[in-house]
Amino acid sequence: MRILVTGGAGFIGSALVRHLVGDIGAEVLNVDKLTYAGNLASLASVESAPNYQFLRADICDRAKIQEAFVSFRPDIVMHLAAESHVDRSISGAADFIQTNIVGTFSLLDTARHYWEGLDARGKSAFRFLHVSTDEVYGSLGDEGLFEETTPYDPSSPYSASKAASDHLAIAWHRTYGLPVVVSNCSNNYGPYHFPEKLIPLMILNALEGKPLPVYGNGANVRDWLYVEDHARALYTIASRGRPGEKYNVGGRNERRNIDVVQRICAILDGVYKDNGPHAQLITNVTDRPGHDARYAIDASKIEGELGWKAEETFETGIEKTVHWYLENEWWWRPLRENVYSGERLGVFKGR
């Protein structure tokens, strides 16, 4: 099986590539622009594998992407390339519109022309997986879960751009017949997570004795999904999902942000005595504009129809994650020193 992955040097993408190359044994072409969040060090374990190739390219570069399709001839496309950080979208939405909407259009249309040139057997086997987020659904109250039929109600420039790309993907299936499948996942966490996101930021700030900034009162709720569970889900959907369908992927691990931070502090208190007790570093800061109150995924469809289920609980996953950062300073130290040192993002005048 030949699989073209876009965004395979990112957090979720690199976990997926490691799974495809190392566990599945697929032939993989990783196409990544290598923005600030793309890191080839996350692929050190597979970079020399004979079934792995890397192409540095922007999905908006139609000529390069067309050439990749022609030369690699994928059976499956797994599209993860995206700008993904809500805070960055607040202060600079243009990159999100360009990559997430225009880039997805370009990739879909290139895939369509490639697919139309396949023989009947190749057309039947081909799949295009568009990987998205539960943030497209907006905010939940205290009750209820996001289902595949939940109406879209995005709150941030990031989630709006992903909602638009979801609609494009489904439209390319309905209009042109391209065998598209869409996945919408809850918040991922785990190894190799770029340190602008909540969990790695809290871990690394705590290790360095810096404040642990929690937006508002920390009551916002997220459903947490261990990234390696997500990688398994994505391959399952791409290989067995039904064209034109959407599959929500969640870990069934709802936690308030403040509880996540406090759990990280408690784990560190037991294994890293410097700067402890670490909970004393927690600092409440002005809330994020448009901050959704609660996300929670109903994963019944993928569990019942495709047989996937998250293996990690939040407790087991967060233990693994904290210990991974303690043991892999070689990976995160260059990012903290040269790319992102932990400063707040998404602040703009007027709020």
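The values are calculated or read from the model by the stated rules, or taken from the named source; none is laboratory data. Owing to the predicted nature of the structure, the values given are computational and were not obtained by experimental measurement. Please note: Cβ atoms are built from the backbone with ideal geometry, for glycine as well, and neighbour counts cover all protein chains shown.
Taking residues in the stretch 32-57 that are in contact (Cβ under 8 Å) with a residue 60 or more places away in the chain, and partners anywhere that are assigned to a loop (DSSP other than H, G, I, E, B) and β-branched (Val, Ile, Thr), the pairs with Cβ atoms closer than 6 Å and at least 6 places apart or on different chains are Tyr36/Val339. With the requirement that a residue be of a type in the set (Gly, Ala, Ser), touching a helix residue (DSSP H, G or I) at 6+ places or on another chain (Cβ under 9 Å) and closer than 30 Å to Ser159 by Cβ, what does the stretch 247-294 give you? Correct list: Gly250, Gly251, Gly290.
Have a look at Glu327, Glu337, Glu343, Glu312 and point out the one that is acidic (Asp, Glu), modelled with pLDDT of 95 or more and out of contact with any strand residue (DSSP E or B) (no Cβ under 7 Å at 6 or more places or on another chain). Full working, then the answer.
Numbers: Glu337 fails: modelled with pLDDT of 95 or more; Glu343 fails: modelled with pLDDT of 95 or more; Glu312 fails: out of contact with any strand residue (DSSP E or B) (no Cβ under 7 Å at 6 or more places or on another chain).
Matching residue, one of Glu327, Glu337, Glu343, Glu312: Glu327.
Would you please list the contacts, defined by Cβ atoms under 6 Å and residues six or more apart or on different chains, that run from a residue in the stretch 296-320 that is surrounded by fewer than 14 Cβ atoms within 10 Å (Cβ to Cβ) to a residue that is assigned to a helix (DSSP H, G or I) and not aromatic (Phe, Trp, Tyr)? Going by the 6 Å Cβ cut-off, the qualifying pairs are Glu311/Asp229.
This table checks each residue for (1) at positive phi; (2) assigned to a strand (DSSP E or B); (3) out of contact with any strand residue (DSSP E or B) (no Cβ under 6 Å at 6 or more places or on another chain); (4) modelled with pLDDT under 95.
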| site | (1), (2), (3), (4) |
| --- | --- |
| Ser159 | no, no, yes, no |
| Lys162 | no, no, no, no |
| Asp166 | no, no, no, no |
| Ile170 | no, no, yes, no |
| Thr175 | no, no, yes, no |
| Val181 | no, yes, no, no |
| Ile199 | no, no, no, no |
| Asn205 | no, no, no, no |
| Val214 | no, yes, no, no |
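Considering the stretch 183-197, and only residues there that are modelled with pLDDT of 95 or more and in contact with a His (Cβ under 7 Å, 6 or more places away or on another chain), the residue that is farthest from Leu40 (Cα to Cα) turns out to be Cys185. Taking the numbered list (1) in contact with an Asp or Glu (Cβ under 9 Å, 6 or more places away or on another chain); (2) among the aliphatic types (A, V, I, L, M); (3) closer than 26 Å to Gly38 by Cα; (4) at pLDDT below 95 in turn, Ile90 passes all entries but (1). State whether one or more residues within the stretch 147-157 are touching a residue at least 40 places away in the same chain (Cβ under 8 Å), within 19 Å of Leu80 (Cα to Cα) and in a helix (DSSP H, G or I). Scanning the stretch 147-157, I find at least one residue that is touching a residue at least 40 places away in the same chain (Cβ under 8 Å), within 19 Å of Leu80 (Cα to Cα) and in a helix (DSSP H, G or I), so the answer is yes.
Listed here are the helices (runs of 4 or more DSSP H) enclosed by the stretch 265-351 that have at least 1 residues being of a type in the set (Phe, Trp, Tyr): 314-327, 329-338.
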